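Heads up, the thing below is written out as structure tokens.
The values are calculated or read from the model by the stated rules, or taken from the named source; none is laboratory data. Bear in mind the structure is a predicted one, so any value in this text is a computation, not a measurement. Here the Cβ is made from the backbone with ideal geometry for all residues, glycine too, and neighbour counts use every protein chain on show.
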Amino acid sequence: MTLDDGPKTHLSNSTYPPSKDFTLASFSPKGPWDLDFNKIEWLPITPFLRTRSKQLVPRLIRTRSLPPTQRVLGTGFRLGGALLAWKLFDKPKGVTESRRGMSQRLRKAFEALGPTYIKLGQIISAGEGIFPDELVREFKELRDHVRAQPFEVVRSTVESELGVELEDLFAKFSETPIAAASIAQVHLATLRTGEEVVVKVQRSTVADLVRKDLAAMSWIAPQLVGRIPVAALANPPAFVELFAETIVEELDFRLEAANMLDIAKILADTGQRSIVVPRPHPRYVTRKVLVMERLSGYSWDDVTAMHDAGIDTQKVVRAALISFLEGAVLYGVFHGDLHGGNLLVQPDGKVALLDFGMTGRLEEKKRVAFLKLMFGGTTNNMAMQVQALRDLGALPEDTNIDEVIKDLGLDQPAKDPTQMSPDELISEIREITKALLGYGAKLPKELILFVKNMLFLNVSITVLAPDVDIFQEIMYLVTYFTSKYGSIITEEIGFDVDEVPIDLEGFKGSLGLDSSVEQLTYRELQERRELIRKRMEEHNRSKTTRRTGSPIKKFGTKLHKRPSTR
């Protein structure tokens with residue numbers, strides 16, 4: 001067998017004949033093979049596998065009177081050790097070094113704890129705007145830079161899953177993975193028949209570790225709700241349930257391959273040909289091995305290279321946003337883990353979408369609720385937005401919508417957070433949180449996934465198209481959806497979208513902007529957020545100094561005491 005590490009990007013699919021499956025799904029126009037959807041060997045069993053994985057989740061996260069002691073203690077030892085080392089060595093160095101040190105030590109602890117915590121770290125790494133910048137940057141290392149398994153383990157897994165010797169199937173197989181993450185690692189390879197592919201191979205011990213970690217998390221999560229008030233709003237049990245559902249499905253690559261087909265077909269149905277999905281192989285897909293078409297391109301955040309290649313990055317991020325929203329609110333199926341490591345921009349400006357293990361699937365009621373949330377926001381229909389949140393499960397079913405609007409002050413003029421003192425802002429957040437908890441509010445798991453993706457796309461616009469006017473972009477999106485799907489949306493949300501004008505007053509209010517503001521770029525929005533962040537940091541530093549006492553104040557008398565003249 002010839003081993004070849006190969007380049008990380010390789011554009012060679014233009015040598016293949018035109019593909020018939022291109023008319024059915026958003027694949028590359030010329031692929032290494034044609035997918036006949038009626039002859040894919042692993043596809044017929046996937047509905048059963050999906051049902052079985054859902055049935056498994058309640059057993060994995062069932063309520064336990066006693067914790068799984070060994071794993072809880074092991075986790076506590078790793079995380080506790082990281083926190084102790086931070087307190088001893090990093091915290092005394094000041095705020096910047098303290099945050100950097102904390103983030104790095106937590107990242108190393110998560111990596112040592114294994115697949116479940118690495119996956120959790122990956123989710124945190126996509127939380128720009130939610131988690132501290134230092135933590136996000138450090139945890140990005142967990143996307144594809146985790147310590148790889150030895151090649152002999154990879155070989156054993158591939159051969160046992162596919163039932164053939166590695167050399168009999170592959171002309172080349174790179175021993176060094178191009179990416180290694182929580183569940184699997186990825187290798188470049190070439191089939192004996194000449195097709196250049198990517199081979200995703202599951203880690204050998206991942207299933208057992210995930211089962212133990214979910215048991216520990218499901219015991220810990222309910223303990224947080226009564227002890228930390230904001231944890232009730234964050235809804236740790238629902239987060240663990242979402243986490244369990246996604247990671248259990250990720251353990252069977254046949255489900256991931258089926259997700260690839262579903263999303264590729266939705267993209268074709270909606271005409272979103274600027275987003276491309278790699279073809280899974282019609283035969284070589286098993287529970288632990290996934291052979292797929294090799295796609296490539298520029299890194300998602302490599303703006304300079306894209307501009308040098310003449311790529312319109314505004315169109316790139318707009319296509320990603322529209323395709324995500326179409327899948328979610330019209331089909332109830334969407335890629336659930338958007339982040340820079342799962343997106344490549346090809347030289348022609350098309351986006352290669354990768355890694356479909358985490359895919360959101362909405363039941364009909366919740367899909368329509370997202371549609372109502374979207375159009376309630378763009379028409380300033382506050383009642384519709386609160387009703388949508390109730391239908392999503394964020395509020396109890398018997399919630400009085402008018403009371404919520406009044407109690408939360410949603411019918412009052414917006415306050416600009418950049419004009420508020422840190423104490424005023426903290427007080428405002430505390431009062432809103434208290435009111436929400438009083439109504440029994442929580443973040444349902446589907447909303448967590450949806451919001452996480454929207455935050456990523458929001459940050460992406462800040463990087464790829466910072467000078468785009470937010471209000472004009474919203475106008476474009478609403479016009480796109482109403483002109484293309486107006487009759488469908490009208491029927492589903494209960495009012496004629498062509499008759500109700502776009503009203504961004506509510507959206508401006510959510511940003512703390514006065515109604516007179518007519519233009520706001522993503523760069524300006526980021527500057528506002530950065531201003532608030534710096535004020536809060538200074539406020540926290542000031543509080544710490546007042547609490548502990550300044551060294552100069554403590555020892556000032558001794559240091560500055562005038563020497564005796566006697």
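The set of residues in segment 467-479 that are crowded, with 17+ Cβ neighbours inside 10 Å and not hydrophobic (A, V, I, L, M, F, W, C) contains only Glu473.
For segment 277-297, filtered to residues that are β-branched (Val, Ile, Thr) and surrounded by fewer than 24 Cβ atoms within 10 Å (Cβ to Cβ), the residue that is nearest to Val345 (Cα to Cα) is Val289.
Quick one: would you say Ile489 is modelled with pLDDT under 95 and in contact with a Phe, Trp or Tyr (Cβ under 6 Å, 6 or more places away or on another chain)? So Ile489 does not fit the description; no.
Do the conditions hold for Gly377, that is, is it surrounded by fewer than 14 Cβ atoms within 10 Å (Cβ to Cβ), of a type in the set (Gly, Ala, Ser) and touching a residue at least 40 places away in the same chain (Cβ under 8 Å)? No; evaluated as a whole, the condition is false for this residue. Could you check, for segment 446-468, whether at least one of its residues is out of contact with any His (no Cβ under 8 Å at 6 or more places or on another chain) and at positive phi? No - not one qualifying residue is present in segment 446-468.
Would you tally the residues in segment 16-56 being in a helix (DSSP H, G or I), without any contact (Cβ under 8 Å) to a residue 40 or more places away in the chain and closer than 18 Å to Leu353 by Cα? If you could, list the steps in order and put the result at the bottom.
At the first step, the residues of segment 16-56 found to be in a helix (DSSP H, G or I) are 20-23, 46-56.
Pick out the ones that are also without any contact (Cβ under 8 Å) to a residue 40 or more places away in the chain and you get 20, 22, 47-48, 51-52, 55.
Remaining after also requiring closer than 18 Å to Leu353 by Cα: 22.
Residues flagged as in a helix (DSSP H, G or I), without any contact (Cβ under 8 Å) to a residue 40 or more places away in the chain and closer than 18 Å to Leu353 by Cα within segment 16-56 amount to 1.
Which fully enclosed helices (runs of 4 or more DSSP H) of segment 391-465 have 1 or more residues being modelled with pLDDT of 85 or more and farther than 30 Å from Gln314 by Cα? I'd like the intermediate steps shown before the answer.
Working: elements: 401-407, 422-438, 445-464.
It comes to 401-407.
Listed conditions (1) assigned to a loop (DSSP other than H, G, I, E, B); (2) more than 29 Å from Asp301 (Cα to Cα); (3) of a type in the set (Asp, Glu) are all met by Glu491, apart from (1).
Kindly indicate whether any position in segment 150-164 is at pLDDT below 90, within 25 Å of Arg211 (Cβ to Cβ) and assigned to a helix (DSSP H, G or I).
Quick first cut of segment 150-164, residues at pLDDT below 90 only: none.
Among the residues of segment 150-164, not one is at pLDDT below 90, within 25 Å of Arg211 (Cβ to Cβ) and assigned to a helix (DSSP H, G or I), which makes the answer no.
For segment 322-333, indicate whether the set of residues that are in contact with a helix residue (DSSP H, G or I) (Cβ under 6 Å, 6 or more places away or on another chain) and more than 25 Å from Thr246 (Cα to Cα) is non-empty. Scanning segment 322-333, I find no residue that is in contact with a helix residue (DSSP H, G or I) (Cβ under 6 Å, 6 or more places away or on another chain) and more than 25 Å from Thr246 (Cα to Cα), so the answer is no. Given the criteria under 30 Å from Phe27 (Cβ atoms), within 20 Å of the chain's Cα centre (by Cα) and surrounded by fewer than 21 Cβ atoms within 10 Å (Cβ to Cβ), does Ala328 qualify? No, not satisfied.
Number of residues in segment 57-73 that are surrounded by fewer than 17 Cβ atoms within 10 Å (Cβ to Cβ) and modelled with pLDDT of 85 or more equals 3. Only one of Asp402, Asp411 is among the acidic types (Asp, Glu), within 16 Å of Ser510 (Cα to Cα) and exposed (fewer than 13 other Cβ atoms within 10 Å of the Cβ). Can you tell me which? When all the criteria are applied, what remains is Asp411.
Any idea which of Thr482, Thr462 is buried (at least 17 other Cβ atoms within 10 Å of the Cβ) and free of Cβ contacts under 8 Å to residues at least 24 places away in the same chain? Talk me through it step by step, then tell me what you get.
Values: Thr462 fails: free of Cβ contacts under 8 Å to residues at least 24 places away in the same chain.
Going through Thr482, Thr462 in turn, the sole match is Thr482.
If you filter segment 368-406 down to residues that are within 28 Å of the chain's Cα centre (by Cα) and of a type in the set (Lys, Arg), you find that the one that is nearest to Pro444 (Cα to Cα) is Arg390. What are the residues in segment 262-282 that are within 15 Å of Glu41 (Cα to Cα) and either touching a helix residue (DSSP H, G or I) at 6+ places or on another chain (Cβ under 9 Å) or among the hydroxyl-bearing types (Ser, Thr, Tyr) (or both), if any? Arg279, Pro280, His281 - these are the residues of segment 262-282 that are within 15 Å of Glu41 (Cα to Cα) and either touching a helix residue (DSSP H, G or I) at 6+ places or on another chain (Cβ under 9 Å) or among the hydroxyl-bearing types (Ser, Thr, Tyr) (or both). Test Arg192 against the stated conditions and say whether it is in contact (Cβ under 8 Å) with a residue 24 or more places away in the chain, surrounded by fewer than 18 Cβ atoms within 10 Å (Cβ to Cβ), over 30 Å from Arg283 (Cα atoms) and among the basic types (Lys, Arg). No; evaluated as a whole, the condition is false for this residue.
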